[in-house]
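This report refers to the structure that appears directly beneath it.
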Amino acid sequence: MSNNQYSLESSPESIVLDQAWVHVLERLHTEVQAAWYSRFIKPLKPVSLDESGLITIVTPGQFVKDWVQARYAEPLKVMLGDELGREVRIEFQVEPNERKVKSTSTAVVNAPAVAVVSEPFMRDQAPFKPNQSYLFENFVVGQCNRFAHAGASAVASQLGVRYNPLFIYSQPGLGKTHLLHSIANEVLKRDPGFKLAYVMAQEFAEDYVAALQNHRMDQFRKMQRNIDLWLVDEIQFIAGKDKTQEEIFYTFNHLYSLGKQIVICSDRAPKDLYLLDERLRSRFESGLVVDIQLPDTETRSAIMLKKSQAIGLVINTTMAMILAERVQGDVRQLEGSLRKLEVYASLHNRTLDEELCVAFVNEYYNATAMEKPGLDQIIALVSRYFKVSEEEIMGTSRKAPIVHARHVAVYITRSVTGDSWKHIGMQFGGRDHTSMMHGFQKIDEMIHRNKDFKGLVQSLIDTIAPRS
Ligand code: ADP
Ligand code: MG
């Protein structure tokens, strides 16, 4: 390190740095999630700025250091540079007395958790706050979801007694997360101090990797396992991630053996979770497995009524039925159509009545628009976008760009048509259904790793099957 360091107390540099830091904090405060901000950003202390532009920032522990270094080194550099009007470099240092002796415990499962480490962990440890509008009483029950609803409410009233684990699966937008939160809301209403965890599987995976890298497995496990109700959402994310699956498996066994209630949601059935460890699959299947189907017309109409009340739109049952007959799809699409209807009424400056509903569905939800797009359309679109010929997509070439385009086509086909793997395999020139699943999985993983790619695929899907 340079000899020309200034101490924060005395030098003009230190005052300049101090002020720059205040501004940077203000900016970050609005940009970074509140929990992360207070855990990771606020405790940072810039202690020196030397002549060469090197800023030393002290962190309250190795974990915070790694976390900030991985995510905010560059933004901090840019922001501090802006504030100071010069190029700067940043060095992070762990506060000397906080430097911990690295834990040597390897992956000893079920080892008693060590004393609580006061260091922050990746996610907010504040008690989980479920969405207050996701309540059982706001959930419309119909043929399509009655088992899932019954399972979830039985679980909420008698934890760990019936249906353990409860596994709910469906395509997106059909109320899985709503049900998980409803369970949490009900349990917390009975006992506000109840120890429950709601984990998105993807976050579990990220935290697990971070804990591994930072030798914080004991702490991670303690956090994950010291609970009485485990709500896991989007479990499909762990498919193919061996280490994470193993950890989920151990957490599952730990909680299960103690009689704790476990509820898991997924976008597909355990048997369709490609690349899932057999042991986990059989655990998942050992309790109650229920699916949620797309709502039928009656249920759609009931949902329209309920959701319209929630957004302050006044419609009667006839109007709800007019909408429900034409507007199909998942619940998000139904909600979307109500918002659209609201705008439609105000644009036309007309009262919301039956006649208006008819005009609205005729304009936006005509019968042809609801037809499934054909494979030809999808292949043509993918071919245009990826500059791979339609013949190549349908052919057998193993060249990477062609295979990639083919996988995207499979992904879109499955997403917009919902056809069975077997059917899709046949459409793609008699291919095996597992290769179709594999292609889908590949794209699915890329989508979850890469936001831009996700946006791209979504925009392709929107072109072919505009959402209502
Ligand atoms: P998923 O987790 O299956 O993707 P969500 O639980 O996020 O679906 O549901 C999407 C939206 O639809 C939420 O606003 C939710 O409240 C609503 N929703 C889904 N199913 C129902 C239902 N049966 N009754 C009322 N609202 C529902
Ligand atoms: Mg969900």
| message | Out of the GluC sites (Glu not before Pro) in the range 368-438, which ones are loop residues according to DSSP with at most 10 other C-beta atoms within 10 Å? | response | E371
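Tell me the relative contact order for the chain as a rounded percent, counting alpha carbon contacts under 8 Å between residues six or more apart.
11 percent
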| Applying 1/(1 + (r/R0)^6) with R0 = 56 Å to the Cβ-Cβ distance of N349 and S257, what FRET efficiency is obtained, to the nearest 0.05? | 0.30
| Taking θ as phi - 60°, what are the ³J(HN,Hα) couplings along the range 147-164 by the Karplus curve (6.51, -1.76, 1.60), each to the nearest whole Hz, with x for Gly and Pro? | 5, 4, 5, 4, x, 5, 6, 5, 4, 5, 8, 9, 5, x, 9, 10, 6, 10
| Which GluC sites (Glu not before Pro) in the range 207-287 pass both tests, a DSSP loop state and at most 15 other beta-carbon atoms within 10 Å? | E285
| task | Enumerate the residues in the range 59-91 having an amide nitrogen under 15 Å from the point lying 7 Å beyond the Cα of R449 toward its Cβ. | result | none
| Computed over the Cα atoms of the chain, what is the convex hull's projected area averaged over all directions, in nm²? | 28.2 nm²
| task | Divide the volume of the convex hull of the Cα atoms of the range 339-468 by its number of residues and quote the answer in cubic angstrom per residue. | result | 125 Å³
| message | Need the full-extension length gain, S38 to V16, defined as separation in residues times 0.36 nm minus the C-alpha distance. One decimal, nm. | response | 5.6 nm
| task | Between Q171 and R86, with labels modelled 7 Å along Cα→Cβ, what's the label distance in nm to one decimal, could you check? | result | 6.0 nm
| query | Given the range 205-319 reduced to its alpha-carbon atoms as identical point scatterers, what log10 I(q)/I(0) does the Debye formula return at q = 0.17 Å⁻¹? | reply | -0.86
| remark: Here, the range 127-179 modelled as identical Cα point scatterers in vacuum has Debye log10 I(q)/I(0) at q = 0.17 Å⁻¹ of -0.55
| field | For the range 160-203: rounded, prolate or oblate by the Cα gyration tensor [a/c cutoff 1.5] | value | prolate
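Any read-out appearing in this document is the output of simple, stated calculations on the displayed coordinates, not a laboratory observation. Every value quoted in this text rests on a predicted model; they were computed, and no experiment measured them. Reconstructed Cβ throughout: ideal geometry from the backbone, glycine too, with neighbour counts over all protein chains shown.
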